[in-house]
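S.K.: Have a look at this one.
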Amino acid sequence: MRYVVFDFETASECDLLKRGAWVYAADFSTRILCAGYKLVVDGKPERTRVLSERQCMALDPALMALVKDPAVIFVAHNCGFEAAIWKYQMEPMGWPAMPPERWHDTMAVAAMKALPLGLDKLTQALDLPVRKDMEGHRLMMRMCKPNLKGEWEHSDDNMKRLMQYNVGDCDAQYASYVATKGLGASERQVWLLDQKINQRGIRVDREFVHACQSVLEQVRVPMTARFRELTGGINPTQREKILNWVNAQGVAMGDMKKATLDAVLDPDDEFGIEEIAEPLPFHVHEVLQLRRSLASSSVAKLQRMLDCTGQDGRVRYTMQYHGARTGRWAGRLIQIQNYPRGEIQERQGLTPELLAEAIQTRDLSRIEDLWGPDIFSAVISSLRSCIVPAEGNVLVVGDYAAVEARNVLALAGQHDKVAMMHSGVDVYCEMGSSIFKKPVNKKDNPRERHIGKGAVLGCGYGLGPVGFRAKQAPGESIELAMAAVGAYRNDFAPMVPKFWYGLYAASVDAVWCSHAKTYDFAGIEFRREGDYLSMKIPSGRKIWYHKPEREKTVWQGEEKPAWSFMSYQGKKIRRHLAWHGGVTADCVQGTSRDLIAHALITCEREGLPVVFTAHDEIVAETKDRPGLALLLKDIMEDIPAWAHERKFLITAECDTMRRYRK
């Protein structure tokens, strides 16, 4: 068996972090500085070779022979970058194409095993003898872009040192590959599809994005002027000065966070707040309204779309494989997962298409006629409308309905409530009735139904009264929160708490007792495997916890065995104490992810090309034809055998559209 560990070093005037690998790779200024590769034959690594740009252009025969052998896999860390450079830099030189099937990504395996994604932190977490060359990394960062004088630092000495760094990167990637191994056959199939979806890309309506920016610019100037007039010259970006000004007006506020502003400005909605009992003075209300609009991070997403869009109008690599421990995808670049829901659906008779047409005219009076005076929020509510299909195509969008709430019930054996949800009964009203001890219906009891909805969707992972009040019922009493949590645990789903505690007990046994024995509860298996604890969920896939350790915790005044594991989320590296709600959430979310993965594979087989997935949504793009929404619905609801065995009942809501919408 032969494989190649491969790594490019490049330079460009294009900003890689700002614009993404595929726009970067295609930029006219981008070039290859060197390319290192290590051939491994039957487990024995050869010395790393480093090719200069000239050798790449000369089609180095040794590397060419490896490229032309379809049995040779190329191993890279974050291979989406290498694949992009190969396509836009190597192929024009005369090198053969390298489809996803020819690549293996060590970063994907690191993500699957909940390890750090960066190569430097990965080698540290794995305690590898080979570490990333950080001194060389600093030189590479200087050489990859022009300096402040606009000059390139590509002297002969620098190039020699860069090639040494390239060798070190290949060595670190090889060591990481040996330590982490592969994805396994089933997950490799998912990863290959992930790469195809990411390389397919999402089409952005650039003209509409420009129209949104134009409208925002028209309203930003007078809004800023009005803000300064009301506050005596304070700018909307001066957070501390604004906070001091608001407090000086007799309104006690501790911060300018969006959730706080929502609570203060919209006291009648779900973000009600107790601390501000008196109505806001009109001028303070106006200032806070202006601040919320002008400081919205959603505004920056418009320029981000333009920055990341390639010449063909598509953004690529918007999805991060295994972005969460559970296997769920995370957003990258334009971050569709974080787009605000918007208010279009709340306005009777208004559709995203009608609002988009008005915005495209750039006529503020026309937009105001449709939306009202808060034009800023009209544009923010239209962010999703920037995503469109190619000419002659449509978007086919499917969304699983309350999939995690159903799945935790099914896994726990609470099949009566799964059947109730599937039958179309309004379980949020049923839950509200249980909490408030009276009949509840959607029309007459919106508050009670809302609390019921929060309980059904929020209490499945061990949420207590304090957490429920904070997340699901701000402004309500702690007594009501206690009633809601109690109603869920005792009346609605008494099997679910048994599932939490049984699952957690099995995980504790696996960490505390034998390293060689499998412990299970309800068919979920836990086992120590080297430096990991694995949880095998019903799909057969494993969720991994790195470096589990025995701990002790106090529960209801009694010392109990517990366990912890290493968490590498974001830039924080810390030891995290496991608990029953967290383990349950991992199991349920992982199971829900595997339903999505199954549907993605079926979509591809049925000729329905997926362009992205976000949360519980699948979005495909194809030629318009009758029955597309029904086809996607059939695919998403055609669950695999393991889900049938656990009596899952799944519903998907599907539609076709010319502009993406929720």
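S.K.: For the stretch 56-120, give the percent of accessible area contributed by carbon and sulfur heavy atoms, probe 1.4 Å, rounded to a whole number.
M.R.: The nonpolar share, carbon plus sulfur, comes to 62 percent.
S.K.: How many percent of the accessible area of the stretch 196-251 is carbon or sulfur, using a 1.4 Å probe?
M.R.: Here it works out to 47 percent.
S.K.: Also: Between the stretch 1-69 and the stretch 494-516, what is the C-alpha centre distance in whole Å?
M.R.: That distance is 47 Å.
S.K.: Could you work out the relative contact order of the chain, using alpha carbon pairs under 8 angstrom and six or more residues apart, expressed as a whole percent?
M.R.: RCO, the chain: 14 percent.
S.K.: For the stretch 105-227, how many pairs of lysine residues have a Cα-Cα distance under 21 Å, where the two are 8 or more positions apart or belong to different chains?
M.R.: Count of close lysine pairs: 9.
S.K.: Listed here are the pairs K453/K536; K438/K633; K301/K571; which of them are more than 32 Å apart at the Cα?
M.R.: K438/K633
S.K.: Another question, if that's okay. Where the only charges are on Cβ atoms (+1 Lys, Arg; -1 Asp, Glu), what is the dipole of the stretch 333-392 about its Cα centre, to the nearest 20 debye?
M.R.: Its charge dipole is roughly 180 debye.
S.K.: Then there is this: Divide by every residue of the chain the summed helix terms, -39500 (n - 2.57) for each DSSP H run of at least 4, and state the resulting mean residue ellipticity at 222 nm, rounded to the nearest 500 deg cm²/dmol.
M.R.: Theoretical 222 nm ellipticity from helices: -14000 deg cm²/dmol.
S.K.: For a 25 Å ceiling on Cα separation, which of these pairs sit above it: K18/K87; K443/K647; K471/K498?
M.R.: K443/K647
S.K.: A follow-up question, please. Towards the positive end of the charge dipole of the stretch 511-662, with charges on Cβ (+1 Lys, Arg; -1 Asp, Glu), say which of H515, G590, L630 has the farthest Cα.
M.R.: Working it through, the farthest residue towards the positive pole turns out to be H515.
S.K.: While we're looking at this one, here's another question. What translational diffusion coefficient, in µm²/s and rounded to a whole number, does the Stokes-Einstein relation yield for the stretch 283-396 at 25 °C and a viscosity of 0.890 mPa s, taking the hydrodynamic radius as the Kirkwood radius over Cα pairs?
M.R.: The diffusion coefficient I find is 152 µm²/s.
S.K.: Within the stretch 29-108, list the trypsin sites (Lys or Arg not before Pro) lying in a DSSP loop whose Cβ has at most 14 other Cβ atoms in a 10 Å radius.
M.R.: Here the trypsin sites (Lys or Arg not before Pro) that fit, given the DSSP loop and packing criteria, are R47.
S.K.: First select every other residue whose beta carbon is under 13 angstrom from the beta carbon of A562; then total the charges, Lys and Arg +1, Asp and Glu -1.
M.R.: -1
S.K.: If we count every other residue with Cβ under 10 angstrom of T602's Cβ, Lys/Arg +1 and Asp/Glu -1, where does the sum land?
M.R.: Summing Lys/Arg as +1 and Asp/Glu as -1 gives -3.
S.K.: Quantify, in whole percent, the carbon and sulfur part of the accessible surface of the stretch 547-662 (1.4 Å probe; protein heavy atoms only).
M.R.: 50
S.K.: How far is the Cα center of the stretch 605-623 from the Cα center of the stretch 127-147, in Å?
M.R.: 38
S.K.: Right, next: With unit charges on the beta carbons (Lys and Arg positive, Asp and Glu negative) and the dipole taken about the Cα centre of the chain, which residue among P45, F81, T613 sits farthest to the positive side?
M.R.: Among P45, F81, T613, the one farthest towards the positive end of the dipole of the chain is P45.
S.K.: Another question, then. What do you get for GluC sites (Glu not before Pro) in the stretch 561-647 restricted to DSSP loop and a cutoff of at most 14 other Cβ within 10 Å of the site's Cβ?
M.R.: E606
S.K.: Out of H415, C386, V466, whose Cα points farthest toward the positive end of the dipole of the stretch 385-485 (charges: +1 Lys, Arg; -1 Asp, Glu; placed on Cβ)?
M.R.: Going by the charge dipole, the pick is V466.
S.K.: Based on the Cβ-Cβ distance from H576 to I478, what FRET efficiency comes out when R0 is 25 Å, to the nearest 0.05?
M.R.: So the FRET efficiency works out to roughly 0.35.
S.K.: How much net charge surrounds W371 when only the other residues with a Cβ under 11 Å from the Cβ of W371 are counted, with Lys and Arg +1 and Asp and Glu -1?
M.R.: Residues near W371 contribute -2 overall.
S.K.: Please identify the DSSP H helices in the chain that span no less than 15 Å along the helix axis (Cα) and have a mean Kyte-Doolittle hydropathy of -0.5 or more.
M.R.: Qualifying helices, which must be both long enough and hydrophobic enough, are 206-231, 282-294, 298-308, 495-512, 580-605.
S.K.: Here's something else I'd like to know. Taking Cα pairs under 8 Å and at least six residues apart, what relative contact order does the stretch 75-220 come out at, in percent?
M.R.: Contact order relative to length: 25 percent.
S.K.: Also: At 1.4 Å probe size, with every protein chain present, just tell me what the per residue accessible area of the stretch 343-444 comes to in Å².
M.R.: 43
S.K.: Using a 1.4 angstrom probe on the protein heavy atoms only, line up W563, W544 by accessible area, largest first.
M.R.: Output order, biggest surface exposure first: W544, W563.
The values are calculated or read from the model by the stated rules, or taken from the named source; none is laboratory data. As the structure is a prediction and not an experimental result, all values here were calculated from the model. Methodologically, a virtual Cβ is constructed for each residue, glycine included, from the backbone with ideal geometry; neighbour enumeration extends over all protein chains shown. Please note that ligands, DNA and RNA were not included when accessible areas were found on the heavy atoms of the full protein model with its side chains. Shrake-Rupley method; radii C 1.70, N 1.55, O 1.52, S 1.80 Å.
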